[in-house]
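Participant: I'd like to ask you about the structure that follows.
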Amino acid sequence: MAATISPAIRKQLSSMKVAVIGSGISGAVCASTLAKNGVSVTIFESGRGPGGRMSQRREISEDGKELMFDHGAPFFSVSNNNSDAMALVHDWESKGIVSEWKQVFGSFDFASNKFLSIQQEGDAKKYVGVPGMNSICKALCNESGVKSMFGSGIAKLEWLEEEIPWLLSDSKGENVGRFDGVVASDKSIVSPRFTQVTGRPPPLDLNLVTELASKLQHIPVLPCFALMLAFKEPLSSIPLKGLSFKNSEILSWAHCDSTKPGRSTDSERWILHSTPDYANSVIAKTGLQKLSNETLNKISEEMFKEFQCSGLVSSLPFFKKAHRWGSAFPATSIAVEERCLWDRSRNLAICGDFCVSPNVEGAILSGLAAASKLLQTSSCL
């Protein structure tokens, strides 16, 4: 976490403007940390709300029932040796936006149709946002000193040799502001997959950051499909509320969303995650453009049929819908020791789970590191 800032330096930082691109947990943590130290922060998010893979999905069933799903990250844990991240989690707990999820987890083997390992008593605590996983990012994006611009994707980052050097433009080519520093917490800012989805080059020209380019040019990712299910009655044959799957070509994970603290129990809601291989096989046929309802329905049927083959499902859901995460998990970590990428000459930080580890804890640590770099450098000016 950033070092304590003296009043004199804090006054100096109050004139600094930083743009944070992306409102996932790494961007939100970075923005909040900067704002708490007096920096003026603007978050730019192409989506309708914050969270990234910690988003919560609102759906309406055929009978008009509202259903909420944590269709991305189901929970997160923090290692005791990461004191900065743990301090944040304890703060979030005290504010009621995070709670421990006290359920039994394990695994299920499709080959033997048996439950295997069950979590041990000493396993790390599992935390969830309350009332949704996106509650954490919502709270951070609404803190004093943070201005959040949702539905505002950044299409171009330009470096100008001027006093306020960064110029940001949106997809319409309109100028959205000048900034002293930039934090890119969304890997699509530099990823070729941005071009695959939008048909446009990534917003950040890697020629501007030649020292970082080799690490950024190719960040391999593992895609995933999430299937949201709602049942009228509990699936009583499943003793676990979170389970990984062994020996399935289609399913990797399932959890009962409605057992989390602060969630509605009007129905039992489950979320299934596909294997990366299954998701890759679909993407190889469809590309990364928006999927048709017909394709999504086919994916829903295939994933649910596999769930049924486990013998654990005793009834049909009254709601069933699939969602694609095209870049769900980074397959490598590019800045484990540094925890973020940093170009001091341009006041540019790049952070996210792809820097440290492919989980929420890694994203938190990377966001803290990015904020620390900006604060340390600015306080030396």
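Participant: Just a yes or no: is a residue in segment 328-335 surrounded by 20 or more Cβ atoms within 10 Å (Cβ to Cβ) and within 24 Å of LEU34 (Cα to Cα)?
Facilitator: Yes: segment 328-335 contains one or more residues that are surrounded by 20 or more Cβ atoms within 10 Å (Cβ to Cβ) and within 24 Å of LEU34 (Cα to Cα).
Participant: A further question follows. May I ask you to say which residue of ARG263, ARG269 is not in a loop (DSSP other than H, G, I, E, B) and not polar (S, T, N, Q)?
Facilitator: ARG269
Participant: Could you look through segment 207-232, keep only residues that are of a type in the set (D, E, K, R) and modelled with pLDDT under 95, and pick out the one that is nearest to SER107 (Cα to Cα)?
Facilitator: LYS215
Participant: Name the residues in segment 326-381 that are in contact with a strand residue (DSSP E or B) (Cβ under 7 Å, 6 or more places away or on another chain) and polar (S, T, N, Q), would you?
Facilitator: Those that are in contact with a strand residue (DSSP E or B) (Cβ under 7 Å, 6 or more places away or on another chain) and polar (S, T, N, Q): SER327, ASN347, ASN359.
Participant: Hey, any hits in segment 76-83 for a residue that's at pLDDT 95 or above and touching a Ser or Thr at 6+ places or on another chain (Cβ under 9 Å)?
Facilitator: So far as segment 76-83 goes, no, none of its residues is at pLDDT 95 or above and touching a Ser or Thr at 6+ places or on another chain (Cβ under 9 Å).
Participant: Cβ-Cβ under 6 Å, sequence separation 6+ or interchain: first residue in segment 180-202 and on the phi > 0 side of the Ramachandran plot and buried (at least 19 other Cβ atoms within 10 Å of the Cβ), partner at pLDDT 70 or above and assigned to a helix (DSSP H, G or I). Which pairs?
Facilitator: As it stands, the answer is none, since no pair meets every condition given.
Participant: Surrounded by fewer than 18 Cβ atoms within 10 Å (Cβ to Cβ) and touching a residue at least 24 places away in the same chain (Cβ under 8 Å): does that describe GLY145?
Facilitator: yes
Participant: Please go through segment 253-287 and pick out each residue that is touching a residue at least 40 places away in the same chain (Cβ under 8 Å), more than 19 Å from the chain's Cα centre (by Cα) and under 30 Å from LYS102 (Cβ atoms).
Facilitator: CYS256, THR259, PRO261, GLY262, ARG263, SER264, ASP266, SER267, ARG269, TRP270
Participant: Right, here's the next one. Between a residue in segment 18-37 that is surrounded by fewer than 24 Cβ atoms within 10 Å (Cβ to Cβ) and any residue that is among the acidic types (Asp, Glu) and modelled with pLDDT of 95 or more, which pairs come within a Cβ distance under 6 Å, given they are 6 or more apart or on different chains?
Facilitator: Listed pairs, sorted by first residue: ALA35/GLU143.
Participant: Which residues, taken from segment 277-292, are farther than 15 Å from GLU306 by Cβ and not β-branched (Val, Ile, Thr)?
Facilitator: ASN280, ALA284, LYS285, GLY287, LEU288, GLN289, LYS290, LEU291, SER292 - these are the residues of segment 277-292 that are farther than 15 Å from GLU306 by Cβ and not β-branched (Val, Ile, Thr).
Participant: Output the residue which, of all residues in segment 343-370 that are more than 16 Å from the chain's Cα centre (by Cα) and surrounded by fewer than 24 Cβ atoms within 10 Å (Cβ to Cβ), is farthest from THR33 (Cα to Cα).
Facilitator: Only one residue fits best here, namely SER345.
Participant: Which one of these does ALA124 not meet: (1) closer than 18 Å to ILE364 by Cα; (2) of a type in the set (A, V, I, L, M); (3) surrounded by 13 or more Cβ atoms within 10 Å (Cβ to Cβ); (4) in contact (Cβ under 8 Å) with a residue 40 or more places away in the chain?
Facilitator: For ALA124, the failing item is (3).
Participant: Search segment 231-245 for residues being of a type outside the set (A, V, I, L, M, F, W, C) and assigned to a loop (DSSP other than H, G, I, E, B), and hand back the single one that is nearest to the chain's Cα centre (by Cα).
Facilitator: Once the filter is applied, the top-ranked residue is LYS241.
Participant: LYS125: in a strand (DSSP E or B) and within 24 Å of the chain's Cα centre (by Cα), yes or no?
Facilitator: Answer is no for this residue.
Participant: In addition: Kindly list, by first and then second residue, each pair from a residue in segment 316-331 that is over 17 Å from GLY287 (Cβ atoms) to a residue that is among the charged types (D, E, K, R) and crowded, with 19+ Cβ neighbours inside 10 Å, limited to pairs with Cβ atoms under 8 Å and residues at least 6 apart or on different chains.
Facilitator: PHE329/ASP353; PRO330/LYS187; PRO330/ASP353
Participant: Tell me, yes or no, whether segment 208-226 has at least one residue that is touching a Gly at 6+ places or on another chain (Cβ under 9 Å), within 30 Å of ALA371 (Cα to Cα), surrounded by fewer than 18 Cβ atoms within 10 Å (Cβ to Cβ) and charged (D, E, K, R).
Facilitator: No, segment 208-226 contains no residue that is touching a Gly at 6+ places or on another chain (Cβ under 9 Å), within 30 Å of ALA371 (Cα to Cα), surrounded by fewer than 18 Cβ atoms within 10 Å (Cβ to Cβ) and charged (D, E, K, R).
Participant: Same structure again: Those residues that are without any contact (Cβ under 8 Å) to a residue 60 or more places away in the chain and under 29 Å from GLU163 (Cβ atoms), I need them from segment 343-362; list them, please.
Facilitator: ARG344, SER345
Participant: For residues in segment 291-316 being in a loop (DSSP other than H, G, I, E, B) and of a type in the set (S, T, N, Q), which is surrounded by the most Cβ atoms within 10 Å (Cβ to Cβ)?
Facilitator: My answer is SER310.
Participant: Hey, can you tell me all the residues within segment 317-352 that are part of a strand (DSSP E or B) and closer than 30 Å to SER300 by Cα?
Facilitator: Result: PHE319, LYS320, LYS321, ALA322, HIS323, ARG324, TRP325, GLY326, SER327, ALA328, PHE329, PRO330.
Participant: Report whether or not PHE245 is more than 23 Å from LYS102 (Cβ to Cβ), of a type in the set (Phe, Trp, Tyr) and either surrounded by 20 or more Cβ atoms within 10 Å (Cβ to Cβ) or in contact with a helix residue (DSSP H, G or I) (Cβ under 7 Å, 6 or more places away or on another chain) (or both).
Facilitator: no
The values are calculated or read from the model by the stated rules, or taken from the named source; none is laboratory data. Just so it is clear, the structure is predicted and the values come from calculations on it, not from any experiment. FYI the Cβ positions are ideal-geometry reconstructions off the backbone, even for glycines, and counts take in every protein chain you see.
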